[in-house]
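Read through the structure below, which is laid out as structure tokens, and then see the notes.
The values are calculated or read from the model by the stated rules, or taken from the named source; none is laboratory data. On a predicted model such as this, the values are computed, not experimentally measured, just so you know. For neighbour counting, all protein chains shown are included, and Cβ atoms are generated from backbone atoms with ideal geometry for every residue, glycine included. Side chains are part of the model used for accessible areas, which takes the heavy atoms of the whole protein and leaves out ligands, DNA and RNA. Shrake-Rupley method; radii C 1.70, N 1.55, O 1.52, S 1.80 Å.
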Amino acid sequence: MENKYENLFSEIEKKILVLIIQAKIMDDLTDIRNKYLSKKGEFSALMNKIREADDKKAFGEAYNFARRKIETALSEKLAEFQKAALNEKLHAESIDITLPGKNYNVGVMNPFYKVKREIEDIFVGMGYTVENGPEVDTDKYVFELLNIPKDHPARDMQDTLYIDDNLLLRSHTSSVQAHVMEHANGKPIKIICPGKTFRRDDDDMTHSHQFAQVEGLVIDKNINLGNLKATLELFAKKMFSKDSKIRFRSSYFPFTEPSVEVDVSCFNCKGKGCSVCKGSGWIEILGAGMVHPNVLKMSGYDPEVYSGYAFGIGIERVAMLRYGIDDIRRFYQSDVRFIEEFNKKDED
Amino acid sequence: MLVSLKEIAKYVDISGLKAEEIAQKLTFSGIEVEQIKKMSEATNLVIGEVVTCIPHPNSDHLHCCKVNIGDEIVDIVCGAPNVRVGLKVIVALPGAKLPKGEIKKGEIRGQESNGMLCALNELGVDPKFLKPEQIAGIEKLPNDAPVGSKEVLSYLGLDDVVLDLNLLANRSDCFALFNVAREIGALFDRKVTIPEFKDEGNFASDFKVGSETPNCPSFYAKVIKGIEVKDSPKWLKEVLRSQGIRSIDNIVDVGNYVMLLTGQPLHMYDLDKLEKTELIVKDNFVEDVVALDDKTYHLINGDLVVSSNNKPACIGGVMGLKSVEVDKNTKNIVIEVANFNHAAIRHTTSRLGLMSDSSQRYIKEINPHQSEFVINLAAHYVKELAGYKESSKIVAYDTINHELKKITCSYDYINKRLGSNFEKNTILKTLSLLNFKPKEVNDSEFVVTVPAYRIDVDGKADLSEEIVRYNGFDSVTSALPYMETTVGGLKDSERKERIVEDYLLSNGFDEVLTYVLTNEKDDNKFNYFNKTDGYVIKNPLTEDHKFVRKNLLTSLLRCAEYNINHQNEDFKIFEISPIQTKKVNEVHLAVAFIGKEYQQDKMIGLPVSYFNAKGLWDSIAKMFNISPSRVKIERISEGEEFHPNRSAKIFIDNKLCAVLGDLHPLVKKEFSLDKTFATVMEINLSVLFNTRTPNNKFVYISKYPVVSRDYAFIIKNEILYSDIKKEIKKCSNLIKDLEIFDIYKGDKIAEGHRSIALKIKLCSDDHTLKESEINEVDTKVREAIKNKLNAELRQ
């Protein structure tokens, strides 16, 4: 049914709606509200005419209907303005997203430590304990207990740095073996000993008076050369490449018998021959062997019952090979630009 | 050791074997062949005769020659001063490849030249084997040289291949060609023929030999009369040349040749120059002597000296003396074959700086059981090359037990040690080929006799090595050790080191590596932990590597200096390392903050300061659960390395644990850090790691609200924050936390004072705080600030 009061409001309603549409800024809407919808506003004033109306209910309905329409239009327009204002604000907040981020400063290990840690972790994974020993040690542990007799050239003042007749800077980490064996009371041993070693060498690209080794030692009943081979194969696969192979060449160290030099298949050319392996397909990486019976005997193991293997890995040598580092002195200069070339990535 | 394949072929059948094959097998069995060298690789050579030789029209030293090369006569321009008509010469024809390049047809100053007349060094012969005139001019071939022959290298004895052996200490037996021949014979199962000569001697000499020192356990001699000293024949010169030894004369050369063959050094004396017909070894001469190289050497006690009538005649095993030298006029000689102790020779050699082929062999130890064989071999060659008239019977002093070592071993031992499955027969055959003369003892054991020359072989383990090096390491079965399972891992200290290491890395510190050895100047710096008792190297190679460092900071700062000098500006570095002195063996950490710390790229940079180091210390102490109540902090009152008012020493339970702070401006300058900011810290990690602290345990978190109150006051500078904190905390145990949020010095604050603003946080574990309780604490705090700290509260 048609409301007979509709026309009463339609004209002003239309007028206000047009004003709303024409509003340019938020204040225009406030003005409209004040002028028409406030208590004494022009539109509100129309309500006074209800007294003259005969159908008061119909009048009220018509008024409210028109008023709602205006209110809705107002709030929609307001929302529109608010959205525009927000958009404008967000636009103003635009940044150059390619600028550098805040510094969280990731530090990097000298590749020396990276390799040292990797070697440690590989052997710890195989159940080895990591042992340490003194860098300044006595003749007994560095030479005597390792079957290096008094007049052996390795003990020469030419090659070894002495503090006095008995004390010296260890020339290999094999000395830690002797310490550990002394305290093991004839029990099985499975250790590695990483550490600094010293020789009386002039420093150049490939020589350093200070360098580091990881010594390994396993002693038990029934340990054989095949055990050493398998262990070093596993090491090579983890350290260099999963398809690495190793080979033994007969060699000589006073504290092992048999002694071997260990070559790893060139991880650069996969054995085809390149500049890294000097064309041979193989790279010499470490020395190893079966613990000499005299060494066992001197440390309280019966060589008829116990046997063992030992190996020595040069940390800088492995790092130089793996990363193609040209000069051992770079490790010790520790130029931060050099260090920061090596990130935390696991090598493939 | 150089091994001429031409020479070795006289003693072992190597027909059909390539040099590469021999080298490969030797290398894998423990005798590394470092290099395979051809004596000369020159090609396209021919023997020619100079037919005409006229001076070059456009040169004052060149000659234009016509040279007969058999089937034609060619024009060659030659620059050698000794070129002349009738000379037999080596001609390199166009296309010849010589070490210096390829010969091409061409014109030399307008005259056609179709080749080059050569000197031996131009073919690749090392000049050290040539006389000066052989280098200055072209090689003069003998008159009977076959003109037109293209087998020039063979004619010259240069068609030889030489293996360069890198011998390890255990295989010094291979300093003898005979033993190399035996080794090759065994490896390839080929026939070995070692010549043996008996030189009976035709008179019994009254010559006396002896030794007064245990360092010479045997001394053999033979007197030979009526010899002629002259040049050695071509074959011997060539052999010596291929082995790297210069030919002198037939007598000296025989000595060297026999040494090359047997590994036993020999020495030749002129009998008539000896003071007395005796040679006695002594080790107590202290005097100057002139050796064969015309240099004077000073002998000391312990040097082995061969003497005659108590006058030195030879520095035993090292070098003979000028006074008894064999020369061109020598007619009668004494041949010495002695055994000198390797250590004694090594000491003398290294002290005098006199390394010879002879001393080198003594140092590596020689076969002590072959003196008679060697002296007979030498006498044989003296007879052959110098035509002696008389030779005496051997005179000998010998205290050596010549019984050969025997070793009994089981087959099982070999296989168990190697992880192999060698058959009995393989083991016996291998040892037999290697001259160990194995004999079966019973089903499980065998016995071997160690050959005299294998002085390195001592016991069963050595036999296992012989078996595996001979049969190859592929015969070893690869299998991981089968052991009782144990927990591996890092030692406690290293595990903790890794915690610190990882923390620092995660916070942008780079980990550096530096040298342990340092110089005297640096050794005297930063010794806050270990002031004395450092180790000093007795035989340092340089003064820069003489002292074992007593702290880490100095080397870390040298590293910082290196970086600053290499265009690195802002960085944080650290090192963790053992520090060892006569008293302690500790682990230290050193950290250096250099330059500025930037928030974003190079924007908003804050210079590093004391508080960087202090904050790092606080974090590390927190990581190891060190309670603040056990920590004491003091200003550094001694030493001159730190800024006196911006540095501290930190103690845990009164043990010095850390030093930290800004560097003293003068020290900064010394490390080239004067244009930047530098703050450092050194922590004795051993103290930190060894401090026992309570284990982590869950503590109830209060569920009641926290109330906070702020206070600002003006206080004298001398009153330290640690004192303020302590005093306020004492007011109530409801104070759970205390935070500083402002420090101000400036216009409105009186000189010598600062304004501090604090926030305290109050909370109870069992109830919500009442207004009255809060007010009570507030009053106490205000009183403490006013009365105890003598500070003025601000509104």
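Given A:Ala184, A:Ala178, which one is closer than 26 Å to A:Leu232 by Cβ, open to solvent by 10 Å² or more (accessible area, probe 1.4 Å) and small (Gly, Ala, Ser)?
Selected residue: A:Ala184, the only one of A:Ala184, A:Ala178 that is closer than 26 Å to A:Leu232 by Cβ, open to solvent by 10 Å² or more (accessible area, probe 1.4 Å) and small (Gly, Ala, Ser).
Where residues in the stretch B:579-599 are open to solvent by 50 Å² or more (accessible area, probe 1.4 Å) and closer than 24 Å to A:Thr197 by Cβ, which of them is nearest to the other protein chains (Cβ to nearest Cβ)?
By that ranking, first place goes to B:Asn585.
Name the pairs: first residue in the stretch B:454-474 and farther than 18 Å from B:Leu168 by Cα and more than 8 Å from every other protein chain (Cβ to nearest Cβ), second residue of a type outside the set (D, E, K, R) and open to solvent by less than 10 Å² (accessible area, probe 1.4 Å), Cβ to Cβ under 6 Å, at least 6 apart or on different chains?
Here the result reads B:Ile467/B:Ile414; B:Ile467/B:Ile427; B:Ile467/B:Thr430, each pair linking the stretch B:454-474 to a residue that is of a type outside the set (D, E, K, R) and open to solvent by less than 10 Å² (accessible area, probe 1.4 Å).
Scanning the stretch B:54-78 for residues that are over 11 Å from B:Asn114 (Cβ atoms) and over 56 Å from the mean Cα position of the chain (by Cα), which turns out surrounded by the fewest Cβ atoms within 10 Å (Cβ to Cβ)?
If we take residues in the stretch B:54-78 being over 11 Å from B:Asn114 (Cβ atoms) and over 56 Å from the mean Cα position of the chain (by Cα), then B:Asp71 is surrounded by the fewest Cβ atoms within 10 Å (Cβ to Cβ).
For the stretch A:236-251, give me each residue that is more than 9 Å from chain B (Cβ to nearest Cβ), open to solvent by less than 10 Å² (accessible area, probe 1.4 Å) and either within 30 Å of B:Leu187 (Cβ to Cβ) or part of a strand (DSSP E or B) (or both).
A:Ala236, A:Ser244
Give the stretch B:288-311 a look and list any residue that's in contact with a Leu (Cβ under 6 Å, 6 or more places away or on another chain) and not hydrophobic (A, V, I, L, M, F, W, C), or say none.
The answer is B:Tyr297, B:Ser308.
Just to verify a result, which residue in the stretch B:485-498, among those that are in a loop (DSSP other than H, G, I, E, B) and at the interface with chain A (Cβ under 7 Å from one of its Cβ atoms), is surrounded by the fewest Cβ atoms within 10 Å (Cβ to Cβ)?
B:Thr485
Which number in (1) outside any loop (DSSP other than H, G, I, E, B); (2) at positive phi marks the one condition that B:Tyr362 misses?
Unmet for B:Tyr362, out of (1) outside any loop (DSSP other than H, G, I, E, B); (2) at positive phi: (2).
Between a residue in the stretch A:133-144 that is touching a residue at least 60 places away in the same chain (Cβ under 8 Å) and any residue that is of a type outside the set (D, E, K, R) and part of a strand (DSSP E or B), which pairs come within a Cβ distance under 6 Å, given they are 6 or more apart or on different chains?
Listed by first residue and then by second, the contacts come to A:Glu135/B:Gln580.
Can you tell me which residue within the stretch A:85-122, out of those that are loosely packed, with under 14 Cβ neighbours inside 10 Å and of a type in the set (Asp, Glu), is nearest to the other protein chains (Cβ to nearest Cβ)?
Of everything passing the filter in the stretch A:85-122, A:Asp121 is nearest to the other protein chains (Cβ to nearest Cβ).
Counting only residues that are surrounded by fewer than 18 Cβ atoms within 10 Å (Cβ to Cβ), over 41 Å from the mean Cα position of the chain (by Cα) and either among the small types (Gly, Ala, Ser) or not in a strand (DSSP E or B) (or both), how many does the stretch B:85-139 have?
Selection size over the stretch B:85-139: 10.
Considering only residues that are surrounded by 18 or more Cβ atoms within 10 Å (Cβ to Cβ) and either not small (Gly, Ala, Ser) or not assigned by TED's automatic domain parsing to the domain that holds B:Phe593 (or both), which ones fall in the stretch B:647-663? Even if it seems obvious, please write down each step before you answer.
So in the stretch B:647-663, the residues surrounded by 18 or more Cβ atoms within 10 Å (Cβ to Cβ) come out as B:647-650, B:652, B:657-663.
Hits for the stretch B:647-663 are B:Lys649, B:Ile650, B:Ile652, B:Cys657, B:Val659, B:Leu660, B:Asp662, B:Leu663.
If I filter the stretch B:376-417 down to residues being in contact with a Gly (Cβ under 7 Å, 6 or more places away or on another chain) and over 30 Å from B:Asp231 (Cα atoms), which single residue comes out as farthest from the other protein chains (Cβ to nearest Cβ)?
B:Tyr397
Taking the condition among the hydroxyl-bearing types (Ser, Thr, Tyr), out of contact with any strand residue (DSSP E or B) (no Cβ under 9 Å at 6 or more places or on another chain), assigned to a helix (DSSP H, G or I) and at pLDDT 90 or above, does A:Thr98 pass?
Numbers: among the hydroxyl-bearing types (Ser, Thr, Tyr): yes; out of contact with any strand residue (DSSP E or B) (no Cβ under 9 Å at 6 or more places or on another chain): yes; assigned to a helix (DSSP H, G or I): no; at pLDDT 90 or above: yes.
So A:Thr98 fails the test.
Looking at B:Lys572, B:Lys538, can you tell me which residue is touching a Phe, Trp or Tyr at 6+ places or on another chain (Cβ under 7 Å), in contact (Cβ under 8 Å) with a residue 60 or more places away in the chain and open to solvent by 20 Å² or more (accessible area, probe 1.4 Å)?
After ruling out the rest, the residue left standing is B:Lys572.
How many of the residues making up the stretch B:431-457 are surrounded by fewer than 17 Cβ atoms within 10 Å (Cβ to Cβ) and part of a loop (DSSP other than H, G, I, E, B)?
The total comes to 6.
Exactly one condition in (1) open to solvent by 50 Å² or more (accessible area, probe 1.4 Å); (2) in contact (Cβ under 8 Å) with a residue 12 or more places away in the chain is not met by B:Asp502; state its number.
(2)
Is it true that A:Thr256 is in contact with a His (Cβ under 8 Å, 6 or more places away or on another chain) and either free of Cβ contacts under 8 Å to residues at least 12 places away in the same chain or within 13 Å of chain B (Cβ to nearest Cβ) (or both)?
Answer is yes for this residue.
Let's see how each residue does on (1) at pLDDT 90 or above; (2) among the polar types (S, T, N, Q); (3) under 23 Å from B:Lys234 (Cβ atoms):
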position: B:Cys65; (1), (2), (3): yes, no, no
position: B:Asn82; (1), (2), (3): yes, yes, yes
position: B:Gly86; (1), (2), (3): yes, no, yes
position: B:Ala92; (1), (2), (3): yes, no, yes
position: B:Lys97; (1), (2), (3): yes, no, no
position: B:Gly106; (1), (2), (3): no, no, no
position: B:Asn114; (1), (2), (3): yes, yes, no
position: B:Leu117; (1), (2), (3): yes, no, yes
position: B:Val125; (1), (2), (3): no, no, yes
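Residue pairs, Cβ under 7 Å, 6 or more apart or interchain, first in the stretch A:147-172 and within 10 Å of another protein chain (Cβ to nearest Cβ), second part of a loop (DSSP other than H, G, I, E, B) and surrounded by fewer than 16 Cβ atoms within 10 Å (Cβ to Cβ). List them.
Partner pairs satisfying both residue conditions: A:Met157/B:Asn539; A:Leu161/B:Asn539; A:Tyr162/B:Lys538; A:Tyr162/B:Asn539; A:Ile163/B:Lys538; A:Asp164/B:Lys538.
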